[in-house]
Amino acid sequence: MTKRKAQAVTPAAAALPPGTFKREDRLAAWFITIAMVALFIGGSMGPLQKLEHVGINWYPALAKIGIGSVRIQSYYQGLTAHGVLNALVWTTFFIVGFFNYAIPRSLGRPLSRPRVNLLALVLMIVGLVMAAIPILTNLASVLYTFYPPMKASVFFYLGLVLVVVGSWVAGLSYYMTYWQWRKDNPGQKTPFIALAGIITMVMWQIATLGVATEILVLIIPWVLGWTEGTDPQLARTFFWFTGHPLVYFWLLPAYVSWYGMLPKQAGGKMFSEQLARLVFWLFLVLSIPVGLHHQFVDPGVPAGWKAIHAVLTYSLFLPSMATAFTVVASLEVAGRARGGKGLLGWITKLPWGNPSYTAQNLAMILFVFGGIGGLTNASYNLNLAIHNTIWVPGHFHLTVGSAVTLTFFGIAYWLVPALTGKPLASRRAALAQAWTWFIGMLLMSNALHILGLNFGAPRRTALGTAPYVDPAWNPLQIEAAIGGIVLGISGLLFFGNMLATALSRKRAEVREEMPVAEPLHPEYVTPGWLDNWRPWVIATILLILVAYGPVLVGMIANINLNAPGVQIR
Ligand code: HAS
């Protein structure tokens with residue numbers, strides 16, 4: 001078995017001359033600024049939705065404000081802006097910006113082709129503008145999953161394609177830099193943060209082939225009138241080919257931070273670097289062939305294949321549980337190094353005064369509940385009870401809305417000072433922000449889960465005007481609305497702090513650096529198979545062919561382009 005030397009020999013990024021990463025940082029700052037603006041606009045729709053559910057309907061008032069036809073006129077238009085800007089734009093732009101900063105530093109060298117990343121930025125901005133205009137003018141109120149037969153303006157789909165293609169181009173630039181690094185460092189193991197980031201991008205590129213096929217082959221020809229109709233079942237299947245790995249594309253950058261950075265911030269070390277690498281490889285192999293668990297109730301998907309995807313979904317539980325144990329072990333090492341004693345005494349010694357740390361630890365705690373909900377969803381028969389109920393938004397606000405977004409806030413608390421060279425404007429406000437997000441999410445998602453499970457309250461519905469709402473739902477609706485308002489306040493604290501940091505005239509005495517956790521046992525040798533792409537990429541492709549091949553071949557053989565389409569206003 002080939003073994004790689006335990007320590008990478010690339011110079012530590014900190015030892016490189018100042019200004020080495022100037023271009024990378026400038027690009028990262030652009031990506032992250034756009035991500036935050038998207039979250040600000042998309043996030044502001046959230047409290048409005050919750051208020052609508054308790055009968056306070058802001059949409060008629062909102063429809064009166066705007067420039068020309070750019071205005072939010074309905075619940076569904078607002079919900080589309082909320083889902084697209086938060087789930088697709090905030091995440092993708094933040095992830096590319098974060099990797100732009102972290103991957104070159106982890107490899108200890110600047111990007112080999114920074115212009116490729118500039119191209120990625122341009123493509124993503126053009127795509128964002130193309131998709132945003134139809135959303136804001138009510139020509140694309142199709143929600144973030146844009147299921148046919150709902151039909152949007154063609155520019156909405158073209159815009160999404162450009163955002164995805166831009167992220168592929170960014171990935172390409174990381175691969176070129178990595179390729180160069182490997183050539184210059186034969187036999188060395190890839191530094192963890194770079195490896196984990198690049199695995200995430202490879203997974204994303206394979207996964208997005210599904211949605212690319214859906215949009216380019218099924219949707220655009222239909223929207224342009226080149227085909228009479230479309231096949232909603234096949235389109236949904238291609239969508240979920242991408243849709244589930246999409247959630248790991250959001251989650252894995254948070255894992256990069258939990259494994260590779262947070263232990264350092266806590267004053268500890270990475271408990272098992274080898275296990276961390278294995279977890280990322282397992283996510284590459286297992287993230288994609290599970291999409292049918294979103295289609296358990298779709299009649300056109302054969303039951304046997306749904307069962308296979310259910311089993312594969314449960315296999316994904318393994319890398320997440322390995323993460324739970326390893327990350328907590330790393331934190332325990334840190335807590336004990338800081339003088340923590342006893343079974344749980346180390347927890348109190350963790351750096352709870354550091355907002356970057358606290359936000360991420362609170363994100364992990366919320367993820368425990370989100371993860372348990374995910375396992376409930378993945379059960380073939382429990383899914384029948386919760387599918388299309390408001391339980392599902394309860395689940396995904398604990399995952400993408402908490403595990404991911406709160407972690408990204410935590411990252412922003414060191415990354416924005418690192419990019420600007422300015423200190424964080426207010427640590428106290430940042431701490432209050434992390435805790436209010438935690439409390440707001442607990443309140444809101446608890447209520448949403450119960451409303452969905454106990455009462456079958458539907459998701460994606462303007463409940464404020466629905467005639468069937470039972471008065472028994474009221475206390476939970478109010479709890480969810482309070483949670484939504486607390487989240488709104490927390491969001492304002494975040495944006496206020498980021499803006500104050502960026503606009504401040506103060507310079508930091510010591511510039512923030514990327515925290516990089518050292519392995520607890522540097523003497524342990526990483527086996528070669530944990531740094532070898534071939535077996536993992538082959539396993540990924542084979543598993544996709546086995547789990548999706550027959551389903552897709554069957555559906556394509558019976559393709560039915562007869563859904564004419566409907567436009568929601
Ligand atoms: Fe999910 C629906 C199943 C994870 C996001 N999911 C969604 C949707 C979204 C989403 C957006 O099987 C809605 C899509 C739509 O619009 O229709 N999900 C799962 C499963 C997991 C899971 C099995 N989901 C996620 C993550 C997401 C996400 C992550 C975003 C980032 N999900 C489903 C299913 C549906 C679904 C069905 C369809 C429902 C339907 O019918 O519509 C698993 O990956 C979860 C595993 C995670 C864990 C948690 C591990 C905990 C860790 C933290 C440790 C830290 C500790 C704290 C202990 C088991 C790693 C330490 C504290 C100290 C003080 C030291």
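The values are calculated or read from the model by the stated rules, or taken from the named source; none is laboratory data. For clarity, every value in this text was computed on a predicted model and none was experimentally measured. So basically every Cβ, Gly included, is an ideal-geometry build from the backbone, and we count neighbours across all protein chains shown. We work out accessible area using only protein heavy atoms, side chains counted, and drop any ligands, DNA or RNA first. Shrake-Rupley method; radii C 1.70, N 1.55, O 1.52, S 1.80 Å.
Computed values, structure above
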| item | result |
| --- | --- |
| Criterion violated by I568 - all others in (1) within 29 Å of the chain's Cα centre (by Cα); (2) open to solvent by less than 60 Å² (accessible area, probe 1.4 Å); (3) modelled with pLDDT of 95 or more satisfied | (3) |
| Restricting the range 144-196 to residues that are among the small types (G, A, S) and open to solvent by 20 Å² or more (accessible area, probe 1.4 Å), the residue that is modelled with the highest pLDDT | S153 |
| Subset of the range 550-564 [assigned to a loop (DSSP other than H, G, I, E, B) and without any contact (Cβ under 8 Å) to a residue 12 or more places away in the chain] | N558 |
| Failed criterion for G267 (all others in (1) within 14 Å of the ligand (Cβ to nearest atom); (2) at pLDDT 95 or above; (3) within 30 Å of L520 (Cα to Cα); (4) in contact with a Ser or Thr (Cβ under 8 Å, 6 or more places away or on another chain) hold) | (4) |
| Number of the condition not met by L520 [criteria: (1) open to solvent by less than 40 Å² (accessible area, probe 1.4 Å); (2) in contact (Cβ under 8 Å) with a residue 60 or more places away in the chain] | (1) |
| Cβ-Cβ under 7 Å pairs, at least 6 apart or on other chains, the range 363-377 side more than 7 Å from the ligand (Cβ to nearest atom), far side open to solvent by 40 Å² or more (accessible area, probe 1.4 Å) and not basic (K, R) | T376/L382 |
| The range 535-563, subset open to solvent by 90 Å² or more (accessible area, probe 1.4 Å) and over 29 Å from the mean Cα position of the chain (by Cα), residue farthest from P149 (Cα to Cα) | V553 |
| Contacts under 6 angstrom Cβ, first residue in the range 386-411 being near the ligand (Cβ under 9 Å from one of its atoms), partner of a type in the set (V, I, T), 6 or more apart | H387/V297 |
| Among residues of the range 64-117, those that are part of a helix (DSSP H, G or I), surrounded by fewer than 17 Cβ atoms within 10 Å (Cβ to Cβ) and of a type in the set (A, V, I, L, M), counted | 0 |
| Pair list, Cβ under 6 Å, 6 or more apart: the range 317-330 residue over 13 Å from F280 (Cα atoms), other residue near the ligand (Cβ under 9 Å from one of its atoms) and in a helix (DSSP H, G or I) | V327/W258 |
| Breaking point among (1) near the ligand (Cβ under 10 Å from one of its atoms); (2) open to solvent by less than 40 Å² (accessible area, probe 1.4 Å); (3) out of contact with any strand residue (DSSP E or B) (no Cβ under 9 Å at 6 or more places or on another chain), for S330 | (3) |
| Residue check, V247 away from the ligand (no atom under 16 Å from the Cβ), open to solvent by 20 Å² or more (accessible area, probe 1.4 Å), in contact (Cβ under 8 Å) with a residue 60 or more places away in the chain and over 15 Å from I544 (Cβ atoms) | no |
| From the options L487, L503, L443, residue that is closer than 25 Å to Y101 by Cα and either modelled with pLDDT of 95 or more or buried (at least 19 other Cβ atoms within 10 Å of the Cβ) (or both) | L503 |
| Residues within the range 223-239 that are buried (at least 21 other Cβ atoms within 10 Å of the Cβ) and farther than 21 Å from G554 by Cβ, tallied | 1 |
| Scope the range 286-310; condition surrounded by fewer than 18 Cβ atoms within 10 Å (Cβ to Cβ), within 14 Å of M555 (Cα to Cα) and within 13 Å of the ligand (Cβ to nearest atom); matching residues | D298 |
| Qualifying residue in the range 412-419 (condition: of a type in the set (F, W, Y), more than 16 Å from the ligand (Cβ to nearest atom) and either modelled with pLDDT under 95 or under 24 Å from W58 (Cα atoms) (or both)) | no |
| All positions within the range 338-361 that are near the ligand (Cβ under 10 Å from one of its atoms), part of a loop (DSSP other than H, G, I, E, B) and farther than 22 Å from L415 by Cβ | L344 |
